[in-house]
Amino acid sequence: MKKPLLRKKYKELRQQLSNTEIDNFSLAIANQLLTLDIWNKSFYHIFLTIAEQKEIDTDFILNILAGKDKHIVISKSNFEDYSMSHVLLTDSTTIKKNSYNIPEPVDGIEIQSSQLEVVFIPLLAFDKTGNRVGYGKGFYDRFLAQCKPETLKIGLSFFEAEDDIFETSENDIKLDYCVTPEQVIQFI
């Protein structure tokens, strides 16, 4: 299926989810993550949930990371050049929603992409070979291109894989894993 059709399909599917389903699926995804051998790293990048888009509630994963005393890194989006800057999440970090309802840090200690060891990636859809579809602006592809090659790229999805995503480009960066409420899929 082509990316624009996948975006439409999965946005509609997400809008049909109840708040209880979102909570249950998000908790199941967090529990699936615990089965992965990824917890010996130090710097973990995670997105903050856009509730209006019915995204996965990453609070469960944030609690795991905090409980394991990991360095948690969050992003701020620049819509002029579609880049992201990254900030260490601390007790004093102020979070504010931008005009797209994306929760972002107001300021903080900047972290370079090259320092990140694990990146949890929001997505709308993914396929059986690790291709993914996001909102279409390329923020994550630009960001992931700046990470070290060995940085683990883990997609989080309420839904299972599509057979194939058409119209992928050479700039698209594939996932190493995708985690759903039902399973962990490894692409590496």
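The values are calculated or read from the model by the stated rules, or taken from the named source; none is laboratory data. This structure is a prediction, so every number in the text was calculated from the model and none was measured. Please note: Cβ atoms are built from the backbone with ideal geometry, for glycine as well, and neighbour counts cover all protein chains shown. Accessible surface is based on the protein model in full, side chains and every heavy atom, while ligands, DNA and RNA are left aside. Shrake-Rupley method; radii C 1.70, N 1.55, O 1.52, S 1.80 Å.
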Residue identified as open to solvent by 40 Å² or more (accessible area, probe 1.4 Å), within 24 Å of residue 145 (Cβ to Cβ) and assigned to a loop (DSSP other than H, G, I, E, B) among 91, 69, 37, 81: 81
Might you let me know whether the range 98-116 holds any residue that is surrounded by fewer than 16 Cβ atoms within 10 Å (Cβ to Cβ) and among the acidic types (Asp, Glu)? yes
Only residues in the range 69-83 that are on the phi > 0 side of the Ramachandran plot count as the first member; pair them with residues that are open to solvent by 30 Å² or more (accessible area, probe 1.4 Å), Cβ under 8 angstrom, at least 6 apart or cross-chain, and list the lot. 82/137; 82/142
I'd like to verify a number: residues in the range 19-34 that are part of a helix (DSSP H, G or I) and either open to solvent by 30 Å² or more (accessible area, probe 1.4 Å) or over 27 Å from residue 84 (Cα atoms) (or both), how many? 10
Exactly one condition in (1) aliphatic (A, V, I, L, M); (2) closer than 17 Å to residue 136 by Cα; (3) touching a Phe, Trp or Tyr at 6+ places or on another chain (Cβ under 6 Å) is false for residue 102; which is it? (3)
In the range 159-188, residue most open to solvent (accessible area, probe 1.4 Å) [restricted to those that are modelled with pLDDT of 95 or more and in contact with a Lys or Arg (Cβ under 7 Å, 6 or more places away or on another chain)]: 187
Which condition does residue 77 not pass, out of (1) farther than 30 Å from residue 115 by Cβ; (2) modelled with pLDDT under 95, if it passes all the others? (1)
